[in-house]
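Trainee: This is the structure I want to talk about, given as structure tokens.
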Amino acid sequence: MTARVARYYMPFLIAFALGACQSTMMAPQKSLYDRLGGTPVITAVVDDFVGNVAADNRINGFFARTDIPRLKKLLVEQICQATGGPCTYTGRSMQAAHKGMNITDAQFNALVEDLKKSLDKFKVPDKEQGELLSALGSLKPQIVGQ
Ligand code: HEM
């Protein structure tokens, strides 16, 4: 009797176990935006990063006539949108924004270094740093040499 009951229920047990296992394995990942800590952390990182850029003699000359509060706002929007957050970037295309600047590879890398310093300061984990830097790195062809 017990064996018959067990045989009857076994397929259901297996299906349940597989389902539970699958749903754990397939749990949707939180967006990079959420894992970074959302708008508060992105805003803090951008503030600090723009401060690093302003102090960086390799590239700060580019920003001499830039409206810095506007730039910060646009960077927050851009990073928020690019990481899956609830924002819409309202600035110009990367090509249009950097046109005529003739930015070099070295200058691009200097800016990324300044950003990485801020990501380290705010203790953004390596995985999230890598994801953010590769998302922004993919914009390089639209920024360098324009
Ligand atoms: C991944 C790298 C970069 C990103 C994501 C980025 C993003 C942006 C954004 C969102 C804006 C504002 C666009 C607008 O005005 O509508 C901007 C403007 C600007 N960017 Fe970049 N940028 C990058 C690299 C660089 C580099 C390497 C330089 C120079 C070394 C640079 C110099 C500037 C300057 C000077 C402006 C202001 C232009 C103005 O005042 O009209 N950017 N950038």
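The values are calculated or read from the model by the stated rules, or taken from the named source; none is laboratory data. Worth saying up front: this structure is predicted, and the values here are computed from it rather than measured. To get the accessible areas, we keep the full protein, side chains included, count just its heavy atoms, and leave off ligands, DNA and RNA. Shrake-Rupley method; radii C 1.70, N 1.55, O 1.52, S 1.80 Å.
Trainee: Per residue, how large is the accessible surface of the stretch 72-128? Use a 1.4 angstrom probe and give square angstrom.
Mentor: On the way: 3380 Å² over 57 residues.
Using a 1.4 Å probe on heavy atoms only, each residue of the stretch 72-128 averages 59 Å².
Trainee: Viscosity 1.306 mPa s, temperature 10 °C: what is the translational diffusion coefficient of the stretch 18-146 from Stokes-Einstein with a Kirkwood Rh over Cα pairs, rounded to a whole number of µm²/s?
Mentor: Details: Rh = 15.8 Å.
My calculation gives 101 µm²/s for D.
Trainee: Shifting gears a bit: How much length is gained if the chain between residue 134 and residue 68 is pulled fully straight, taking 0.36 nm per residue apart and subtracting their Cα-Cα distance, in nm to one decimal? Don't skip to the answer; put the middle values down first.
Mentor: Working: separation 66, 0.36 × 66 = 23.76 nm, distance 2.44 nm.
So the extension gain works out to 21.3 nm.
Trainee: Give me the base-10 log of I(q)/I(0) for the stretch 52-102 at each q in 0.19, 0.25, 0.32 Å⁻¹, Debye formula, one uniform scatterer per Cα, rounded to two decimals.
Mentor: Computed log10 I(q)/I(0) values: -0.75, -1.07, -1.19.
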